[in-house]
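Single-structure report; data block below.
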Amino acid sequence: MNRLQNIPGFSIDQVANAAGNDPDVLRMENLDTDLRPPEVVLEATRNAVGRDDDNSYLPFTGRMELRQAVAEKLQKETKLSYEANNVVITCGGTEGLLDALLAVTNPGDEVILTDPTYAGMIYRVRLAGGVPKLVPFVSTFGEWRLDLDALRQAVTPKTKAIFIMNPSMPSGAVLNLKEWEAIAGLCRERNLWLLYNAAMERILYDHQKVVHPATLFDMSERVITIGSVSKEYRMIGWRVGWVVAPKSIINEIAKAHIYNTVTPVGISQMGAAAALKMDENDIAESVQVWEARRNVVNEQLKNYNMIPAAGGWSQLLDVTSFGMTAEKASELLLQKGKIAVTHMTHWGEQNSEQFVRLVFSNESVERLQTLGERFRRTFGSF
């Protein structure tokens, strides 16, 4: 069998296992957060436990109340018309990524992604039988910017979709309107699907505004939105996500979902519905906390080669100047500095083995203020 031949394992759990339960280790290796989910979510979830309707396989595509809440969320964001029958509820957003790929690609089709991007997106393309084509982010005046010339050159007659996470993970890059317009232009010109991983779309820093690609000219029937409650509402363990798509493709996505997992998690769905009915102040308060933590990371490590995250929970630090790979730097940071970080080998092509990822969403400001000393302990007075 060769289906998994070019799919490496994750290194995140290996770093986590090596870190163990040492309380002195800064846990910056995994996308977790210590911020609690909203109280209304906890209450709604507790109420669902033991309730017969929430202990059922049905409905296969999700509870109508939750599907309607997702549709209303997208309507509010985009001012476009979405209904519950545009929505499939999935077991986390990550299931939705694979369902969408299975619905819109055939084996051998090419899918364009950014370099770097979430490894789970790259290798789900491979699981679906597709061919990932990576377009690099480049460092421009202290920001990550998408190489638009490389983007256009990446499109071939075999290209079926562009697959974007924004804010991007692991880099924290956020696309600007010019970049979104370039992507949309290619989708219109070459009749491509745009798969939009919106898991962190409102986790934006420095007063940036959300740009949903479905709002761009002639894109509403080309955009498939994959979202979840995991990041913005801090509900990682609930495993509730969704796919929102035009009616022309949503039934195919539903088929992929049903034969993939049958049904989303029953006792979690009402908690997710409660989250989506909240106002946005809850998310804004969490974003302020994460932004403050990002700022401390940037201040502590200002002498190192690192581009600040414009959004999301993580950013990248270039270890090239240390004369070692990111994998080696990850080992040393844990051994000498007691910092658990993940190397980015396999998360890109041009942007991969020279970077370690720093997740700042799971550690307090006070603990992050020790980063500088821990780096000096690991790499000297660089």
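The values are calculated or read from the model by the stated rules, or taken from the named source; none is laboratory data. Treat the numbers as computed from the prediction; the structure is a model and nothing was measured. As a convention, Cβ positions derive from the backbone with ideal geometry for all residues, glycine included, and neighbour counts pool all protein chains shown.
Numbers for the structure displayed
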{"read-out": "Residue within region 366-379 that is of a type in the set (Val, Ile, Thr) and within 29 Å of residue 124 (Cβ to Cβ) present", "value": "no"}
{"read-out": "Odd one out for residue 58, checked against (1) of a type in the set (A, V, I, L, M); (2) in the same structural domain as residue 117 (by TED's automatic domain parsing); (3) in contact with a helix residue (DSSP H, G or I) (Cβ under 7 Å, 6 or more places away or on another chain)", "value": "(3)"}
{"read-out": "Any chance residue 210 is without any contact (Cβ under 8 Å) to a residue 40 or more places away in the chain and either touching a strand residue (DSSP E or B) at 6+ places or on another chain (Cβ under 8 Å) or under 25 Å from residue 67 (Cβ atoms) (or both)", "value": "no"}
{"read-out": "Test result for residue 191, without any contact (Cβ under 8 Å) to a residue 24 or more places away in the chain and not hydrophobic (A, V, I, L, M, F, W, C)", "value": "yes"}
{"read-out": "Given (1) within 23 Å of the chain's Cα centre (by Cα); (2) of a type outside the set (A, V, I, L, M); (3) within 30 Å of residue 59 (Cα to Cα); (4) modelled with pLDDT of 95 or more, number of the condition residue 280 does not satisfy", "value": "(4)"}
{"read-out": "Filtered residue count, region 356-373, keeping only those that are under 24 Å from residue 10 (Cβ atoms) and of a type in the set (D, E, K, R)", "value": "2"}
{"read-out": "Number of positions in region 251-276 that are within 28 Å of residue 314 (Cα to Cα) and modelled with pLDDT of 95 or more", "value": "8"}
{"read-out": "Answer from 283, 183, 249 - the residue that is under 23 Å from residue 88 (Cα atoms) and either part of a helix (DSSP H, G or I) or assigned by TED's automatic domain parsing to the domain that holds residue 72 (or both)", "value": "249"}
